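First comes the structure, then the notes that go with it.
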Amino acid sequence: MIACLLIPGFELRAALRKQPRLALRPAALSPAAGTEALLGPVTAEAERLGVRPGMRLGEALATCPELVLVEQDSGFAVDPSGVGSVYFETRGVERLYGGLEPALRRALAAVGTAWDPRAGAAQRRFAALAAANVARPGQILVVSDERLQDFLAPLPLELVPMEPRRRAELHELGVKRVGQLAGLPGSAVAERLGPDGRRAWGLARGGKAARVRGRRPPAEIVEALEFPEAIGNELTLRRAFGALVETLMARPERSGRFVRKLALSARLVGGGSWRRSATLRDPTTELARIKAALGSKLADLPAPVLELRLELVELTDGQQLELLPAAGGELDVRLREGLRQVRASTGSGSVNQVVEVAPWSRIPETRALFVPRDD
Amino acid sequence: MVAYPGDTRVVRTAGRLNEPRPALVEARVDGTPVRVNRLPVELVREEWRVVDRWWTEEPVARRYFEVVLQSGENAVVFRDETCRCWFTQRGA
């Protein structure tokens, strides 16, 4: 089973933590700066007075003049692809808590009642989300695969993620329920609404029974090589280092992730220790680049080595390459990287920005200032 | 860079761009420079005056010269009429 824990209006609830009294008044999450003036989630009182999430700001204020706009809580950074919802496989925890329902109850308790969480479980991800959407605060709704179509059919089309334009198009065609969309021929939906519509159609029929892929936390991965006798020969040390790199990069915990920062340390003869680290300009999995980044540091070893240790200090999920980079984007990235390196080598306050303050002035030194930049 | 004790924030101060630097200038009787920082002046290209902020307690009265030195270097020097000192300045 796939479970979905859902906190409706999560962003608004997060913002209201600082002003809990507003939760009982008509309030709504104000649109973020630079975005379209559409409201975010609204409180129950605002909804009672006719304000709906996604309403235009002007229309909402005309409907409910006493509406309080709440700024987004910038300290509550969450991946925007899944604000207020989380998925997990229940198979691993069912036996731990004595069944599906106790496990979900435990998950709801972990979130806390203040957030009004609700849980849904089904064999498919979208069905679990739909079940969590239908459930009341604190309730658990489990949908079996046999009852899936009957369960989804009467639900509103708003539950299916798709472009607002496509949804409006479907509304105009009289398709307002998930079941109505699921009942249409797939090829006709794809032809009329494109890939987004086809994806929505697939979800309306329950979606794929794909497994939940958990987010992997960053972890240190270490490999060490102990020598039978102290080694001072740089060639031998280089070979040992090369072997460590290859073993470390082949570790299953590393797979799919790129190396950003790594450190080489050594236990020296006579009880001392030595350590050097390197941060790569671009995360990589190329053995040659990793070897080049740290290999030269072996020449700095002050004494023969008893043990050589290599650790992957920072891993990233890689970088998404752009098909068509934005104009000036590459230059901007290079400039930032260059400035970062200058700052790293010369210290804080070494990078300055020239700010014009009175370019019209006849006195040259009053025309511009240089301001330290450490961002 | 000044750090307040007990506070992790660091206060940085902005600096002025093209601040005048004291210069060693030898001039003729009419005030035109003949040597700037011990280098002979080959040519005086331009001369102008800047009189500003006379309404404040820090009035500005400068006589600027754009010169070409014997080394081929271009330089801008001015004589501050208030303190009667010479300075070089970029960006003038």
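Looking only at segment A:251-268, count how many residues are loosely packed, with under 15 Cβ neighbours inside 10 Å and farther than 13 Å from A:GLU311 by Cα.
First, the residues of segment A:251-268 that are loosely packed, with under 15 Cβ neighbours inside 10 Å: A:251-253, A:255-256.
Checking which are farther than 13 Å from A:GLU311 by Cα leaves us with A:252, A:255-256.
Qualifying residue count for the region: 3.
Residues that are of a type outside the set (A, V, I, L, M, F, W, C), within 14 Å of chain A (Cβ to nearest Cβ) and within 16 Å of B:ARG79 (Cα to Cα) within segment B:19-61 comprise B:GLU19, B:PRO20, B:ARG21, B:PRO22, B:ARG49, B:ASP52, B:GLU58, B:PRO59, listed in sequence order.
Only one residue in B:VAL77, B:VAL51, B:VAL29 is at pLDDT below 95, more than 22 Å from A:LEU369 (Cβ to Cβ) and in a strand (DSSP E or B). Which one? Sole residue among the options that is at pLDDT below 95, more than 22 Å from A:LEU369 (Cβ to Cβ) and in a strand (DSSP E or B): B:VAL51. Residue count for segment A:279-313 satisfying the condition of being of a type outside the set (A, V, I, L, M), in a helix (DSSP H, G or I) and surrounded by 15 or more Cβ atoms within 10 Å (Cβ to Cβ): 3.
Kindly indicate the residue of segment B:62-87 that is of a type outside the set (D, E, K, R) and within 11 Å of another protein chain (Cβ to nearest Cβ) and also nearest to the chain's Cα centre (by Cα) among those meeting that condition. Per the stated criteria, the residue is B:PHE87. Within segment A:335-375, the set of residues being among the hydroxyl-bearing types (Ser, Thr, Tyr) and either more than 9 Å from every other protein chain (Cβ to nearest Cβ) or touching a residue at least 60 places away in the same chain (Cβ under 8 Å) (or both) comprises A:SER345, A:THR346, A:SER350. Take A:ARG275 and decide whether it is surrounded by fewer than 17 Cβ atoms within 10 Å (Cβ to Cβ) and either within 14 Å of chain B (Cβ to nearest Cβ) or closer than 30 Å to B:GLY15 by Cβ (or both). In short, no.
The values are calculated or read from the model by the stated rules, or taken from the named source; none is laboratory data. These numbers come from a predicted model, not from an experiment. In this analysis, Cβ positions are derived from the backbone assuming ideal geometry, glycine residues included, and neighbour counts consider all displayed protein chains.
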